[in-house]
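Have a look at the structure below, then the notes.
None of the figures in this text is laboratory data; all of them are computed from the coordinates on show. Keep in mind that this is a model prediction, so the values were computed, not measured. For neighbour counting, all protein chains shown are included, and Cβ atoms are generated from backbone atoms with ideal geometry for every residue, glycine included.
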Amino acid sequence: MNNNKELISEIIKDIKHDMSDEEILALLAGSKISVDPAKEAKKGTSFGQRAADAIAKFAGSWAFIGAFVGVLLCWMILNILLAAKAFDPYPFILLNLVLSCVAAIQAPLIMMSQNRQEEKDRRRAENDYKVNLKTEILIEDLYKKVNRILSHQESVLRQAEGKDKAAGKAETGASAQGKGKGTQ
């Protein structure tokens, strides 16, 4: 982002010095606008953010669902088999407390991860916009250049055809004069 700010300020400063369109386009074409959002996102992440991403990734997987169902079943079966000596007898009040705590901790972690993903998406969209804008400007310039080349080619072709016609008239006029002198 700082490179883009520097580029824009440099362009504005140079425009004040009556920079031509070609010079502006050359400066724009020579600069790198795109960045890798994934690398940028990894640079500024804290341990907590990386942990939230890892937990959200695991919590949203079938492995988590399978493991969680397994722990719940083991908890219930163990407490049913222990009957009178169970540490959490039926209706499993301690299990409900544990599940509530897991949900209370897991929800904010998932939200943090989603917010970071949203920020990554926003940066990616901003990057795409910059690249598309630069490409549009450069394509528009190329389009103008191609049109100038084509119009120049057409004028050169018309001039060449005009010279050919003039040369052809001069030849037919000279041959007609030559025939006229020979018949006299």
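Placing a pseudo-label 7 Å from each Cα along the Cα-to-Cβ vector at Ala29 and Phe87 gives an inter-label distance of 7.2 nm.
Considering only Ile93, Tyr143, Gln153, and ranking their Cα positions along the charge dipole of segment 84-153 that arises from unit charges at the beta-carbon of Lys, Arg, Asp and Glu, the one farthest toward the positive end is Gln153. Across segment 84-96, computed HN-Hα scalar couplings (Karplus, 6.51 cos²θ - 1.76 cosθ + 1.60, θ = phi - 60°) run 6, 9, 5, 7, 9, x, 3, x, 6, 5, 5, 4, 4 Hz from first to last residue, x flagging Gly and Pro. Each of Arg148, Arg50 was scored by other Cβ atoms within 10 Å of its Cβ. Arranged with the fewest first, they read Arg148, Arg50.
Computed from the Cβ-Cβ distance with R0 of 45 Å, the FRET efficiency linking Leu133 to Phe64 stands at 0.60. Model label points for Ala167 and Lys120, set 7 angstrom from Cα along the Cα-to-Cβ axis, are 6.8 nm apart. Specify the inter-centroid distance of segment 127-149 and segment 61-106, based on alpha-carbon positions, in whole Å. Distance between centres, Cα-based: 62 Å.
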